[in-house]
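*Asks:* Got a structure here, written out as structure tokens. Questions coming.
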Amino acid sequence: MVDQPNVNNGVVLRTTGLSKSFGRLAAVKDLNLELRYGEVFGLLGPNGAGKSTTVGMLLGLIAPTTGDIEVFGLRLKEHRWPILRRVGAVIEEPAFYPYLSGRDNLEALARAIGGISRSKIADVLERVNLLDRAHDRYATYSMGMKQRLGVAFTLLRDPELILLDEPTSGLDPAGTKEVRDLIPQLANERCTVLLCSHLLHEVELVCDRVAILKQGTMIASAPVRELVARGQMLQIKVADPSAAAAVLRSLPWVKSVEEADGYLIVDAPRDSASRVNQALAEQGMFASELVNRGTSLENVFLELTGKEGRD
């Protein structure tokens with residue numbers, strides 16, 4: 001693995017004004033991304049939001065209509081092959097020879113690439129936890145094992161950037177966990193990972209930062225913790241919820257108040273708990289419970305994308 005944290009100020013990939021149109025359809029519009037060394041970056045969006053088109057442009061498979069892509073400080077348009085030799089990708093289900101073993105598949109591909117030792121093959125199989133099944137035929141592998149073998153192939157050349165487009169698509173829960181557990185390990189070894197996925201719970205567990213696309217436009221980009229914290233609410237238990245709700249709705253800094261399961265769910269600034277408590281106390285109402293109620297990346301995603309995200 002090449003460790004270059006200071007190259008290009010630690011930015012491994014940057015897009016500037018990246019756009020792609022297919023006739024009248026604007027698939028991606030003015031996309032500005034920055035991926036840093038050693039992080040897992042999630043690219044999210046409803047179907048048709050432009051995720052796969054973006055990945056295609058980053059891999060040099062689709063020519064942008066306008067804009068620029070820099071990888072490792074080099075322009076992709078001018079240095080495509082030097083860049084792609086340092087990039088790995090797993091796009092949905094990888095394809096291997098079904099009647100060869102996992103190891104034989106990797107050995108055949110290693111010969112085609114050239115300069116890869118048998119010890120390197122054993123090393124990548126161990127890293128994806130397939131060494132004990134290396135001699136079994138690929139056709140006998142579970143979906144999770146097939147995806148991990150695809151990752152093993154990308155690791156043969158020690159990539160510094162790996163693009164994963166829906167790597168858990170079609171996997172059962174066990175296979176999803178296998179792939180999910182592998183992704184942070186790659187980032188911990190100074191390999192930047194770009195992850196496109198519909199499984200927002202999985203993204204929340206493994207990604208450091210995310211960007212959310214809607215109709216080809218980036219509508220949010222932030223650390224996962226920041227996005228989740230942005231959607232936090234106050235959860236309040238009082239003797240008379242309806243009367244308390246009326247008091248809180250009159251406060252100018254309270255966005256909304258809802259009643260749910262005997263609690264008040266209050267959308268207000270995160271540091272406003274003491275002010276909420278004081279406002280209730282001034283009206284002779286006292287909260288028996290007042291806590292921050294967390295939210296999930298999925299809830300934030302649905303709020304930002306609206307009906308498209310639900311579809």
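*Asks:* Return the only residue of S250, S256, S142, S169 being in the same structural domain as L74 (by TED's automatic domain parsing), out of contact with any Gly (no Cβ under 9 Å at 6 or more places or on another chain) and on the phi < 0 side of the Ramachandran plot. Don't jump to the end; show me each part of the working.
*Replies:* On the way: S250 fails: in the same structural domain as L74 (by TED's automatic domain parsing); S256 fails: in the same structural domain as L74 (by TED's automatic domain parsing); S142 fails: out of contact with any Gly (no Cβ under 9 Å at 6 or more places or on another chain).
After applying the criteria, what remains is S169.
*Asks:* Take residues that are touching a residue at least 60 places away in the same chain (Cβ under 8 Å) and closer than 30 Å to N299 by Cβ and tell me which of the strands (runs of 3 or more DSSP E) falling wholly in region 1-83 contain 1 or more. Lay out the reasoning, then the answer.
*Replies:* Details: elements: 11-22, 25-36, 40-44, 66-71.
Answer list for region 1-83: 11-22, 25-36, 40-44.
*Asks:* Take region 182-213 and flag every residue that is among the small types (G, A, S) and within 16 Å of E226 (Cβ to Cβ). First the steps, then the outcome.
*Replies:* Applying the first criterion (among the small types (G, A, S)) to region 182-213 yields 187, 197, 211.
Within region 182-213, just A211 meets the criteria.
*Asks:* What residue, of E226, E202, is within 21 Å of the chain's Cα centre (by Cα), outside any strand (DSSP E or B) and touching a residue at least 12 places away in the same chain (Cβ under 8 Å)?
*Replies:* On the way: E226 fails: touching a residue at least 12 places away in the same chain (Cβ under 8 Å).
Step by step, each of E226, E202 is checked, and only E202 is within 21 Å of the chain's Cα centre (by Cα), outside any strand (DSSP E or B) and touching a residue at least 12 places away in the same chain (Cβ under 8 Å).
*Asks:* Sticking with this one: Answer yes if at least one residue in region 280-295 is closer than 30 Å to K51 by Cα and either in contact (Cβ under 8 Å) with a residue 12 or more places away in the chain or surrounded by fewer than 17 Cβ atoms within 10 Å (Cβ to Cβ) (or both), and no otherwise. Spell out how you get there, then give the answer.
*Replies:* Narrowing region 280-295 to residues closer than 30 Å to K51 by Cα: 294-295.
Applying the additional criterion that residues be either in contact (Cβ under 8 Å) with a residue 12 or more places away in the chain or surrounded by fewer than 17 Cβ atoms within 10 Å (Cβ to Cβ) (or both) yields 294-295.
Yes: region 280-295 contains one or more residues that are closer than 30 Å to K51 by Cα and either in contact (Cβ under 8 Å) with a residue 12 or more places away in the chain or surrounded by fewer than 17 Cβ atoms within 10 Å (Cβ to Cβ) (or both).
Residue-by-condition table, conditions (1) under 27 Å from P184 (Cβ atoms); (2) modelled with pLDDT of 95 or more; (3) not assigned by TED's automatic domain parsing to the domain that holds E202:
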{"residue": "R14", "(1), (2), (3)": "yes, yes, no"}
{"residue": "G17", "(1), (2), (3)": "no, yes, no"}
{"residue": "N32", "(1), (2), (3)": "yes, yes, no"}
{"residue": "L35", "(1), (2), (3)": "yes, yes, no"}
{"residue": "P46", "(1), (2), (3)": "yes, no, no"}
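*Asks:* Tell me, yes or no, whether region 113-135 has at least one residue that is within 26 Å of E202 (Cβ to Cβ), assigned by TED's automatic domain parsing to the domain that holds G56, in contact with a helix residue (DSSP H, G or I) (Cβ under 8 Å, 6 or more places away or on another chain) and among the acidic types (D, E).
*Replies:* Looking for residues that are within 26 Å of E202 (Cβ to Cβ), assigned by TED's automatic domain parsing to the domain that holds G56, in contact with a helix residue (DSSP H, G or I) (Cβ under 8 Å, 6 or more places away or on another chain) and among the acidic types (D, E), one finds none in region 113-135, hence no.
*Asks:* Kindly list the number of the only condition in (1) in a helix (DSSP H, G or I); (2) buried (at least 17 other Cβ atoms within 10 Å of the Cβ); (3) over 9 Å from the mean Cα position of the chain (by Cα); (4) not acidic (D, E) that fails for Q185.
*Replies:* (2)
*Asks:* Can you tell me which residue within region 123-177, out of those that are surrounded by fewer than 17 Cβ atoms within 10 Å (Cβ to Cβ) and among the charged types (D, E, K, R), is nearest to the chain's Cα centre (by Cα)?
*Replies:* K177
The values are calculated or read from the model by the stated rules, or taken from the named source; none is laboratory data. Predicted, not measured: the structure shown is a model, and the values here were computed from it. Every residue, glycine among them, receives a Cβ derived from its backbone with ideal geometry; neighbour counts consider all protein chains shown.
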